[in-house]
Amino acid sequence: MKRWPMYTELQTLKNLGFSKRQTAEKLQVNFRTVSKYWDMDRDTFEKTTLNRQRRRDLALYEGVILDWLRQYPGITASQVLDWLKEHYDVAVSERSTRRFVKSLRQKHNLPKSTAKVRQFIAVEDPPMGRQMQVDIGSVYVRDARTFSYRKLYCIACVLSHSRYKWGWWYTVPLTSAQLVAALEECFEYMGGMPAELVFDQDRLVAVDENYGDIVYTKEFEQFRRRMGFSVYLCRAADPPSKGRVEAVVKYFKNNFARHRKFMEPDLWNDDFLAWLTRTGNARMHGTTKKIPAEVFLQEKLFLKPVPCTRKMLTPIVTRQVHKDNTIFYKGCRYTLPLGSFRPGRQVRLEEENNVLKIFDDIDPVLLAEHPVSLEKGRLVRNNNHGRDYSDTLDTLQKNLLQKMQSGEAAFFLQQIRQLKGRYVRDQFHLIDRLLKDFSPHACQKALSYCITNSLYSATELKDACRYFEGVQQQEIRELEQDPKVVLLPSVKTQKRPLSEYADLAKGGETP
């Protein structure tokens, strides 16, 4: 029942002599409601009840809220409610305000905008053969066998001038090797390659932007060097910078893939290439108003020839180099030159006329050749691989003597060479590092200490160097703390012969 008619009838029944309970039954309201308004006069009722009802009706403030929404498109319903409470003393719930604001946005087409609208400027198409944009997209299609949806991945390429398109579809996420193989297929399809390729900051292409010194993935870096094209890497989260290929990906998904049933990858890609010839490159482009296939006939003349005809689709055989400088291939071990191992290093293998060629995985350098063994479990080795062609021990010892410049050093090094046997080279290398890490004074003191105590070892020399270096540093700190103490250079006093003192005792004169 409306508030004002209820109050009027309540007061009428009260004047006719009805009790509160009878009035509640007559009006079909709660007894407490009747008690609340039983002794309330008209002015009090209008002030406390009707005004509260008016304040809860947001329709009264529709014009004010619309002005706020138009002036501040990103304003939230919580802010609207707070401003209404601040300026108009409105008592409504946040949920009601949120619904009312939402209805106003829909009614007056006032979408919520939280960011500034980015401004763009049209740029001219690059010259023919200059640029191609590349991107990867995904779409869900219905599988004709299982009648369920499955995800397909697509790589899309488009020449920026002619808008000539190419693409390929995959059932699994792409790897860097698949991306490289797809690009080589694209170059073969187009009969050449552009001077520049534009990519997003995808993990298949680049590992780190590195402040402009881009770190590419291993597979893509090898491909880029071999082909000789330049790369333009878009800024992170900036798809409009390669808007041509973004539109192509959307075109592939909406005009070819949508509502098409998937059977198998080969059949799907065959249908896609036929669609490119029939529709994708044969229809007039909406922006250029030209047919891409016709413009491509001219742009094709400006494409660079592909420098290498070897297709990356042929499997690349790689092996990891083990700590003993060997690799495994078809059940056998093959040696590499001493020093080839480093953690994580891989090499590329090629077998030709029963000869296994081992190349460096980054630079095309031939590391070793071996005849392929038909017997499993063999170690196929080259005797030259076990030899160390680095500096000889005599050369290392001679270099150390020149650096140490001490007569004691020759004796110390000779003793190490006799006592340490197969570890002499490691000992000499450690001594060489000690001469770089510690001061000459500490090294000389340590050398004298080791010889005095018959400690003929580089590790003992290292511990002694640490000790005397610490002593020297402590003395320097003490001198810095006491400025009155001045460290004088060591002076060698002159010694007189005893005969002069005897002459002086007899009364003679000293010279």
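Rounded, prolate or oblate: which fits the stretch 430-475 when a ≥ b ≥ c are the square roots of the eigenvalues of the alpha-carbon gyration tensor, with rounded for a/c under 1.5 and prolate only if a/b beats b/c?
Since a/c reaches 1.5 but b/c is at least a/b, the shape of the stretch 430-475 is classed as oblate.
Apply 1/(1 + (r/R0)^6) to the Cβ-Cβ distance of Glu408 and Leu479, taking R0 = 25 Å, and write down the FRET efficiency to the nearest 0.05. If you can, show how the numbers build up before the last one.
Values: r = 28 Å, r/R0 = 1.13.
The pair Glu408/Leu479 has a calculated efficiency of 0.35.
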ask   = Which order do Val34, Val139 fall in if you start with the one that has the fewest other Cβ atoms within 10 Å?
value = Val139, Val34
ask   = Which pairs, out of Lys398/Lys462; Lys261/Lys304; Lys261/Lys290; Lys398/Lys420; Lys323/Lys376; Lys102/Lys253, put more than 29 Å between their alpha-carbon atoms?
value = Lys261/Lys304; Lys261/Lys290; Lys102/Lys253
Using a Förster distance of 35 Å, the FRET efficiency for Met6-Arg105 (Cβ separation, nearest 0.05) = 0.45
request  = Provide the net charge surrounding Gly470, with neighbours chosen by a C-beta distance below 15 Å and charges set as Lys +1, Arg +1, Asp -1, Glu -1.
outcome  = -1
ask   = Once you list every other residue whose beta carbon is under 11 Å from the beta carbon of Glu196, what net charge do they have if Lys and Arg are +1 and Asp and Glu are -1?
value = +2
Local electrostatic count at Val134 - Lys and Arg +1, Asp and Glu -1, tallied over other residues with Cβ under 13 Å = -3
task = Using label points projected 7 Å from each Cα along Cα→Cβ, tell me how many nm separate Thr33 and Leu393, to one decimal.
result = 11.0 nm
Residue order, fewest to most surrounding Cβ atoms within 10 angstrom, among Cys157, Cys234 = Cys234, Cys157
key: Ascending count of other beta-carbon atoms within 10 Å, so fewest first, for Phe272, Phe411   = Phe411, Phe272
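Every read-out reported here was derived from the displayed coordinates using simple, explicitly stated rules and does not represent laboratory data. In this text the structure is predicted, and so the values were computed from the model without any measurement. Neighbour counts are summed over all protein chains in view; Cβ atoms, including those assigned to glycine, are modelled from backbone coordinates with ideal geometry.
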